[in-house]
Amino acid sequence: MARPAARYVCQACGASHAKWSGRCEACGAWNSITEEAPRESLPRDTGGKGGRKLAFVGLTGATEAPERRLTGIAELDRVTGGGLVPGSAVLIGGDPGIGKSTLLLQAVAALAGGSEGGARCLYISGEEAVEQIRMRARRLGVVDRPVGLAAATSVRDIVASLDDAVAPDVVVVDSIQTMYVDVLDSAPGTVAQVRASAAELIRLAKRRGFTLLLVGHVTKEGTIAGPRVLEHMVDTVLYFEGERGHQFRILRAVKNRFGPTDEIGVFEMTERGLTEVPNPSALFLAERRGNVTGSVVFPGIEGTRPVLVEIQALVSPSPPGTPRRAVVGWDSARLAMVLAVLEARCGLALTGYDVYLNVAGGLRISEPAADLAVAAALVSSRSNVPVPDSMVVFGEIGLSGEIRAVAQEELRLKEAAKLGFAEAALPPRRQRRAGILGIRTREVAHLQDLIALLAAAGHEGRSEAAQRPSGH
């Protein structure tokens with residue numbers, strides 16, 4: 001019998017090639033193709049012989065909600081949809097040093113030391129020694145919690161240890177890129193090893209009914225390293241975001257079979273680990289200074305939670321040449337679109353100016369509802385007229401300069417009213433708005449209306465300043 005031919009697999013996208021080459025034709029990555037051991041082929045005849053007939057059911061019927069295990073960390077429970085589901089697999093990705101291991105160690109320590117005897121939690125590390133994990137536990141103040149620790153990378157040893165008479169409740173594997181299956185010849189971290197290791201661990205978790213928490217490395221593009229199928233195999237995918245210069249950390253759900261997606265949890269990194277931030281709006285606006293040009297408060301929606309953030313813009317004259325466009329926390333393509341609409345539809349000259357845009361606090365905004373707030377910050381900086389301190393701004397901008405309505409308007413206004421804002425610039429609606437206590441709405445149908453609104457606010461501000469006594 002002829003030996004199966006070797007397979008050459010791209011470690012960036014998982015594409016298979018007949019021979020090695022320096023560049024993957026599927027994704028364009030260089031030096032990412034490695035040789036892997038061939039897989040055993042399936043039998044040719046699989047048609048119905050020896051198979052088990054499936055029992056089909058109708059669409060109607062009672063389905064019980066999945067049981068949840070609360071971690072005791074409210075922000076983590078919010079992101080996962082109300083707690084951890086037994087038999088589920090959760091993948092947590094993030095940059096090195098962002099706090100993934102710290103968060104999971106705090107979570108299993110809270111579960112193990114909870115009420116009613118606590119859960120049986122195990123922490124398996126493939127990157128750190130047991131003593132390193134103990135040092136982190138002492139720093140976090142959870143060294144007395146009954147959490148089982150082990151340092152291992154062999155999936156065969158891990159499965160043999162977990163598949164015993166008393167199954168654990170929660171298992172952490174840190175990280176999946178360090179695990180290997182000994183029946184494969186490829187090195188740990190390759191596409192085949194990551195896929196096979198995750199499949200074995202997920203299969204055991206669903207068979208024994210424990211929650212599996214997998215830590216995943218990320219690439220320089222910010223996506224989880226390894227095959228894309230890894231995110232399809234698990235039930236929940238969480239990304240731990242944040243900048244090392246900021247103490248804030250954002251835990252974001254991008255996939256959740258048991259809860260809403262795009263939900264976020266906000267944490268603050270301290271000397272004693274990660275602490276929850278129950279009111280992120282107040283935290284993001286804590287250092288905001290009023291009466292500053294180029295500063296606008298935007299009421300965004302992250303999952304089901306309204307979050308108020310400050311958008312800052314700086315428009316300054318550019319030296320001869322190509323003007324610079326720098327963006328932090330927003331989409332640079334949408335900034336280019338807003339700048340083009342302001343210049344083409346409103347006659348605002350921005351070609352010879354450098355533009356800097358920043359979302360304060362380290363949060364990244366992706367919804368188009370921030371278009372109008374960005375435009376207000378740009379107009380305020382360009383005209384040197386501050387946006388009123390008591391105003392929030394939101395709305396989507398079309399290419400003709402019209403302002404389009406956005407979703408969950410009432411939730412945004414309620415959050416703004418709760419934090420003391422008195423007025424809002426927002427898109428017009430055909431239906432009459434229900435009154436929000438303490439909020440005065442100013443409808444903006446076109447970008448020119450926004451410019452007129454800010455000009456009127458600047459005129460009122462100058463008139464009030466002129467009427468004040470001189471003070472001497």
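General observations
- The charge dipole of the chain, taken about the Cα centre with unit charges on the Cβ atoms of Lys, Arg (+1) and Asp, Glu (-1), comes to about 640 debye, rounded to the nearest 20.
- Relative contact order of the chain, pairs being alpha-carbon contacts under 8 Å that are 6 or more residues apart, as %: 11
- HN-Hα J in Hz across the range 72-89 - Karplus 6.51, -1.76, 1.60, θ = phi - 60°, x for Gly and Pro: x, 9, 4, 5, 5, 5, 5, 5, 7, x, x, x, 7, 9, x, x, 9, 10
- Computed E for ALA349/HIS232 - FRET, C-beta separation, R0 51 angstrom, nearest 0.05: 0.55
- Bridge type composition, the chain - antiparallel percent by DSSP, nearest 5: 50
- Packing rank of 155-165, 175-185, 326-336, where each peptide gets the mean count of other beta carbons within 10 Å, highest leading: 175-185, 326-336, 155-165
- Whether the range 283-467 is rounded, prolate or oblate, judged on the alpha carbon gyration tensor where a/c under 1.5 counts as rounded: rounded
- Helix-only CD estimate at 222 nm, as mean residue ellipticity for the chain, using -39500 (n - 2.57) per DSSP H run (n ≥ 4): -8000 deg cm²/dmol
- Considering only ILE133, GLY148, LEU251, the residue lying farthest towards the positive end of the dipole of the chain is LEU251, judged by Cα position with unit charges set on Cβ.
- For LEU274, distant residues with modelled amide H under 5 Å away: none
- For GLN11, residues with placed amide H under 5 Å, excluding near neighbours: ILE33, THR34
- Peptides ranked, highest mean first, by Cβ atoms within 10 Å: ranges 129-141, 64-76: 64-76, 129-141
- For the chain, the Cys residues with no second cysteine's beta carbon closer than 4.7 Å are CYS121, CYS346.
- Calculated on the alpha-carbon coordinates, the convex hull of the chain measures out at 247 cubic angstrom per residue.
- Charge dipole (Cα centre; +1 on Lys/Arg Cβ, -1 on Asp/Glu Cβ; no other charges) of the range 283-467 amounts to roughly 180 debye.
- When only the Cβ of Lys, Arg, Asp and Glu is charged (+1, +1, -1, -1), the dipole of the range 74-182 relative to its Cα centre reaches about 300 debye.
- Considering only Cα atoms, the convex hull volume of the range 97-197 works out to 103 Å³ per residue.
- Convex hull of alpha carbon positions in the range 118-261: directionally averaged projected area 10.0 nm².
- Distant-in-sequence amide contacts of VAL444, defined by a placed amide H-H separation under 5 Å and a gap of 5 or more residues or a different chain, comprise LEU426.
Where a number appears in this text, it was derived from the coordinates with a stated rule and is not lab data. Keep in mind that this is a model prediction, so the values were computed, not measured. Cβ atoms come from the backbone with ideal geometry, glycine included; neighbour counts cover every protein chain shown.
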